[in-house]
Structure formats: C-alpha cells, structure tokens
Amino acid sequence: MKTAMIASLAGLALAGSASASFVSMQVVKTTVGVAGGQTASGLPTTVDVYTLYARFDGATDTVLNAYNLAYIGASNAADAYGQFYHSDTASYNSNLLSKSYGTWSAAATGAVANRAKDSYLCIGGLPTGTNSTSADPSWNSGGSGAHAGNGNGWSRADLVNNGVIGWFNGSPPNNQGRVGLAGNTATDVRLGQFVIDAGTIGGNWGITFAYNNGVAGSAVQFVNSSFGLGSAVPAPGALALLGLAGFAGRRRR
C-alpha cells in the first residue's frame, strides 16, 4: 500500500487558525485483482484503486459536503472524466467491472468483494447500503459532449465535466463525516474511491469541501484543495502554487 500526501498551502494556512484544523488531502493506492467472473473479455485482470481522504487535527472535525470536483492537471488517460471503473449493484451494472455502467453512490457498492474495485463518492462512512451520502443537483446540468449532465444524477459511470459536481451527507445527525467513526480513521475522513487501469496516471483533480468542529451551530470552514491519481501528483515545488490558488479561491457555498 502506498500513501501519497498532498499538503496544500490552503491546509497549512487553515491549520494555523485556532478555529480551523484541516491538514491535507491523503490518497491511498492499492492494486486489486479482478476475478474472472467479474470482468468481460478484453478488460483488465488488475486495477489501481485510489481512496481519497481529508486529514484533520481536531478530535471531532466533521465534513459536511464536497463539491467543485474537476480535472485540473496532466494525465495519460485518454479521457479523464470517463476513465473510472465501477463494480456495483446498479440495475444496469450487476457487479461487473465496467467503465460504461455504474453509479457513484457509496450505498450501492454491493458485496464486499466488489467494494474494493468500485468507484464511489462519500462524505465519510463505509461504502455499504447504510451510507447516507447523496448527490447534489449539479450532476444534472452543464458540461459538454459525452460528459454533460444528463438528468440521471450520479447514476452514471463517468463524471460530469461541469466543474461543480458535489455530494453531501443526507443525514447530518449521524455525523458520518466525522473523524474516528466507521469508514474514517482517527484523523481522516473518507471522501471517495477512484478505480482506474493499473499502471496509468489519472491526473490531478480539484475539490472543495465544507467542515466544522462537530459542535452544533459551530462555524463552517470551506477549503479548496487538490489531489492526484498516480504519478501525476505535483512535485513539492508545485504544491504551494496549487494550494495558494485553492486558498485564494475559497468560497462559501
């Protein structure tokens, strides 16, 4: 297992504030084998799986929603928005590995064997049927060509290339997006999983998310950051520039 730490200047600046404690984005990579019965002829027998986390230094920090997911960097992938594999319970997918069919819902990953190689998005929690993450309306419009919004929400295998797609915890009282709870770690909140062809570069991606300290009525913090899938993770000298751009562009939704 390999962990790539992407520390943006936005995170460093926020961590210096008494009321803010975002530290960095974390990407954990694994290479997973695909069983013969779960792949069609011509599809790979292994895939690279990247699990995305936001790291905090507070004991009760809680992510509320994420948005503005957009491709921002170089990639070897022929189609950055359509490069992702799914293996879920969508009626038109049936747990087969596919770039054509699937859903980004973390509640539809199905059997344990499928979760390890299914692309999904979440606000914390485990990728099981009880995950309360929902897609926001941004999936239904904008973009162009094959990756435009189509009215089906996130019930699709690709990502909408409108630069604003987002997701949120549909049941905030369950604190699913809090550090230390199931599906997260003591410091990290799970935000999604991305499955691509083994050995390829998935490129750099921008993301914005909102969080608070887990206390009802506390101030909400907004962070712009970025993460990489594969060796396209920016070099240390470029991280400050990416972070500065993200911090300067921080906005309230």
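The values are calculated or read from the model by the stated rules, or taken from the named source; none is laboratory data. Note that the structure is a prediction, hence the values are computed from the model and not measured. Every residue, glycine among them, receives a Cβ derived from its backbone with ideal geometry; neighbour counts consider all protein chains shown.
For the range 103-137, which residues satisfy the criterion of being assigned to a loop (DSSP other than H, G, I, E, B), modelled with pLDDT of 90 or more, crowded, with 21+ Cβ neighbours inside 10 Å and of a type outside the set (D, E, K, R)? Once the filter is applied, which keeps residues that are assigned to a loop (DSSP other than H, G, I, E, B), modelled with pLDDT of 90 or more, crowded, with 21+ Cβ neighbours inside 10 Å and of a type outside the set (D, E, K, R), the range 103-137 yields THR103, TRP104, SER119, CYS122, ILE123, GLY124, GLY125, PRO127, ASN131. When THR3, THR39 are checked against the criterion of being under 30 Å from LEU181 (Cα atoms), out of contact with any helix residue (DSSP H, G or I) (no Cβ under 7 Å at 6 or more places or on another chain) and either modelled with pLDDT of 85 or more or not charged (D, E, K, R) (or both), a single residue qualifies: THR3.
Is one or more of the residues making up the range 178-187 in contact with a Leu (Cβ under 7 Å, 6 or more places away or on another chain) and outside any strand (DSSP E or B)? Spell out the reasoning first.
In the first step, residues of the range 178-187 are kept if they are in contact with a Leu (Cβ under 7 Å, 6 or more places away or on another chain); the result is 182-183.
Restricting the remaining residues to those that are outside any strand (DSSP E or B) gives 182-183.
Checked the range 178-187: at least one residue is in contact with a Leu (Cβ under 7 Å, 6 or more places away or on another chain) and outside any strand (DSSP E or B).
Just checking, does the range 187-194 include any residue being β-branched (Val, Ile, Thr), over 16 Å from the mean Cα position of the chain (by Cα) and farther than 30 Å from SER144 by Cβ? Scanning the range 187-194 turns up at least one residue that is β-branched (Val, Ile, Thr), over 16 Å from the mean Cα position of the chain (by Cα) and farther than 30 Å from SER144 by Cβ. In summary, TYR92 fulfils each of the numbered conditions (1) surrounded by 15 or more Cβ atoms within 10 Å (Cβ to Cβ); (2) at pLDDT below 95; (3) not in a helix (DSSP H, G or I) with the single exception of condition (1). For first residues located in the range 56-85 and under 20 Å from ASN224 (Cα atoms), partners that are modelled with pLDDT under 95 and among the basic types (Lys, Arg) and lie 6+ apart or on another chain with Cβ distances below 8 Å form the pairs ASN65/ARG253; TYR67/ARG253. The condition of being modelled with pLDDT of 95 or more, surrounded by 20 or more Cβ atoms within 10 Å (Cβ to Cβ) and of a type in the set (Gly, Ala, Ser) does not hold for GLY142.
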